[in-house]
Structure formats: C-alpha cells, structure tokens
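First up is the structure itself, then whatever we jot down about it.
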Amino acid sequence: MEAWMAELEDAAIGGIQKHVPLARHTTWKIGGPADVLLSPAGKPEMIRAMAILNRRGVPWTIIGKGSNMLVSDKGIRGVVIKAGEALDYAEFDGTLVRAGAAYSIIKLTVMAGKQGLTGLEFAGGIPGTVGGAVYMNAGAHGSDMSHIFNSAEIVLETGELAVWGPEEMAFRYRHSRLQDPGSRGVVLEATLQLAHGDRKEIAAALATHKERRRRTQPLQQPSCGSVFRNPPGHHAAKLIEESGLKGFSIGGAQVSPMHANFIVNTGQATAEDVLTLIAHIRSTVKNRTGIELMPEVLVVGER
C-alpha cells in the first residue's frame with residue numbers, strides 16, 4: 001500500500017475506495033476510474049486529508065455531483081475528493097443562508113423560496129452542489145453566485161483553513177479564484193445573502209424557469225448542462241444551431257436536437273467522442289463567424 005494511503009487510513013478521514021469508475025459520479029455518465037475516491041466525513045477530516053495530500057505531494061481533484069465536468073476515459077490519477085454527508089446541510093438566519101459544500105443548489109433554491117427569500121431563483125435548474133456552484137460561479141437567467149455570495153470557508157491545498165469574501169474569491173464569468181493555480185482549495189461551507197421577497201412571485205419565477213427547461217433542454221439524457229460560454233453579445237446555442245450542427249454526432253456524443261449548447265450521451269459516448277465533437281463545433285463556428293467559442297466544462301483526468 002502507498003504510504004500516503006496508509007496515513008489517510010490511520011487519520012480516520014472517512015471512506016476510501018480504490019479504482020472507482022467515475023462514470024457513475026458524473027451527470028454525463030462518462031469517465032474512467034479514480035485511483036482513489038476519498039469521502040471525508042466532515043470538516044476536520046477534510047482539513048486533515050488536504051494536509052496529508054499536500055505533505056505527500058499527491059495530486060487531487062474535487063468532485064461534487066459531477067455536473068459541468070468531463071472525466072477522461074483513462075480516469076484520474078491520485079485522489080478524487082467527494083464531500084460527505086456531514087457537509088450536506090443548510091441553515092437559515094434571517095436573509096442569510098449557510099450551506100455545506102455537498103448541499104444541492106436546486107434544493108437550496110426551493111427551500112429559500114418557501115421561506116420567502118429571493119436571489120437564488122436563477123439556480124433552480126443547476127444540477128450541482130453549493131461548493132461546485134461557488135467554485136464555478138454558476139449562473140443562469142442573467143444572474144450568478146457572485147450576486148448573492150457573502151463568504152465561504154475554504155480549506156486550502158496546504159490544509160490551512162481560510163474564510164474568503166467576494167474580494168478574495170475574485171469572481172468573473174463562470175470563474176472563481178479557486179480555479180487559479182496557486183489558489184486551489186475546497187469549499188467547506190458558503191454563506192449567501194438573500195433578500196425578503198414574495199413567496200408567490202418566487203414560486204412563479206421558479207415554475208417559469210422549470211417549464212422553459214422542460215421545453216428546451218434534453219433533461220432525459222445524460223449531459224453536463226451548457227458546454228460553451230456565451231461570447232459577449234452572442235448566445236453559443238444560436239451560433240452552433242446557425243452553423244448547422246444541431247443533431248450532429250461523433251460516436252455516442254451528439255449536439256442535442258433540443259438545445260445546441262448541450263452535448264448529450266446517447267448511450268455509449270466516450271470522453272474522446274465529446275472532446276472531438278467540442279473541437280469540431282469550435283472550428284465550424286470559428287470558420288463561419290470568426291467567433292471563438294470557449295468551453296465552460298472542466299476537462300479533468302489523464303489523456
């Protein structure tokens with residue numbers, strides 16, 4: 001056994017599994033194995049785990065619900081970290097909400113609406129966790145996490161605990177400082193600032209967004225959500241559709257006939273199928289319009 005694995009086990013971190021297929025942990029249902037899947041039991045265990053991995057020089061990758069992520073066919077070397085049940089909670093204090101990193105952002109949106117709190121309606125269809133939403137500055141319908149973010153508890157890759165506010169997080173479109181080399185860390189808990197609103201209006205907005213997703217998005221097929229960022233002044237889906245790519249397939253990966261900014265797994269798609277299709281979409285749109293589409297999906301693992 002690797003010395004670092006023995007140290008993790010001795011430190012009573014939580015669940016440790018070897019050679020775990022990651023296709024079952026991603027919304028695309030694609031991905032090779034993780035050398036080790038680690039599920040720290042709570043905050044102290046996550047902090048201990050990060051300190052051990054840092055000291056031992058072991059590479060690590062954080063995964064929430066596996067949305068907005070493409071895992072390579074060869075899988076991920078080192079450790080994949082998935083927050084455990086102890087970080088699956090939410091607490092309301094007036095207009096402030098504190099939520100653990102593993103808590104569903106959709107569930108949090110529904111809970112906030114029932115309490116008459118507005119600000120999270122944009123996230124009603126984002127199939128991820130609170131931690132992932134902060135990491136990606138997830139957004140939709142003209143808003144994103146930066147609009148409601150108050151602070152977050154972060155365990156840095158050194159194992160140090162920090163609290164970052166909006167300035168430290170350095171949000172921009174689908175990006176946070178956590179994605180930058182030298183600033184890597186794992187969200188443990190986020191505090192969001194909401195506002196009092198009308199329950200009926202919030203419920204109506206959520207229902208409208210839900211119905212629009214039902215009509216326009218391939219919710220019954222495995223996907224990662226939107227694949228490309230919207231270029232300034234343009235919509236990626238429209239550019240892809242006008243390039244004649246709706247329904248275009250490579251292997252088991254297909255540009256959704258319902259929404260051109262979704263790539264769906266029609267059954268046996270590989271990561272290479274998806275990557276090849278992404279490259280084809282980018283080159284086709286660039287040749288036709290001169291616009292460079294930038295993927296927002298995270299590609300991780302050994303190539």
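The values are calculated or read from the model by the stated rules, or taken from the named source; none is laboratory data. Computed from a predicted model, the values in this text were never measured in an experiment. Virtual Cβ from ideal backbone geometry, glycine too; neighbours counted across all protein chains shown. Heavy atoms of the whole protein, side chains included, go into the accessibility calculation; ligands, DNA and RNA do not. Shrake-Rupley method; radii C 1.70, N 1.55, O 1.52, S 1.80 Å.
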What's the number of the condition residue 229 fails, among (1) surrounded by fewer than 18 Cβ atoms within 10 Å (Cβ to Cβ); (2) over 19 Å from residue 128 (Cα atoms); (3) in contact with a Pro (Cβ under 9 Å, 6 or more places away or on another chain)?
-> (2)
Name every residue in the range 38-51 that is more than 21 Å from residue 133 (Cα to Cα) and either of a type in the set (Phe, Trp, Tyr) or open to solvent by less than 10 Å² (accessible area, probe 1.4 Å) (or both), in order of residue number.
-> 49
With 181, 166 as the choices, which residue is closer than 27 Å to residue 103 by Cβ and under 22 Å from the mean Cα position of the chain (by Cα)?
-> 166
Take residue 75 and decide whether it is open to solvent by less than 50 Å² (accessible area, probe 1.4 Å), in contact with a strand residue (DSSP E or B) (Cβ under 9 Å, 6 or more places away or on another chain) and either at positive phi or not assigned by the TED database to the domain that holds residue 208 (or both).
-> yes
Those residues of the range 244-275 that are in a loop (DSSP other than H, G, I, E, B) and either of a type in the set (Val, Ile, Thr) or touching a Phe, Trp or Tyr at 6+ places or on another chain (Cβ under 7 Å) (or both) come to a total of 4
Please identify the pairs in which a residue from the range 239-255 that is open to solvent by 60 Å² or more (accessible area, probe 1.4 Å) has its Cβ atom under 9 Å from the Cβ atom of a residue that is part of a strand (DSSP E or B) and not β-branched (Val, Ile, Thr), counting only partners at least 6 apart or on another chain.
-> 248/254
Considering the range 180-237 alone, what residues qualify as being among the small types (Gly, Ala, Ser) and not in a loop (DSSP other than H, G, I, E, B)?
-> 185, 190, 195, 203, 204, 205, 207, 236, 237
Residue 205 passes all but one of (1) touching a Gly at 6+ places or on another chain (Cβ under 6 Å); (2) under 20 Å from residue 127 (Cβ atoms); (3) open to solvent by 20 Å² or more (accessible area, probe 1.4 Å); which number fails?
-> (1)
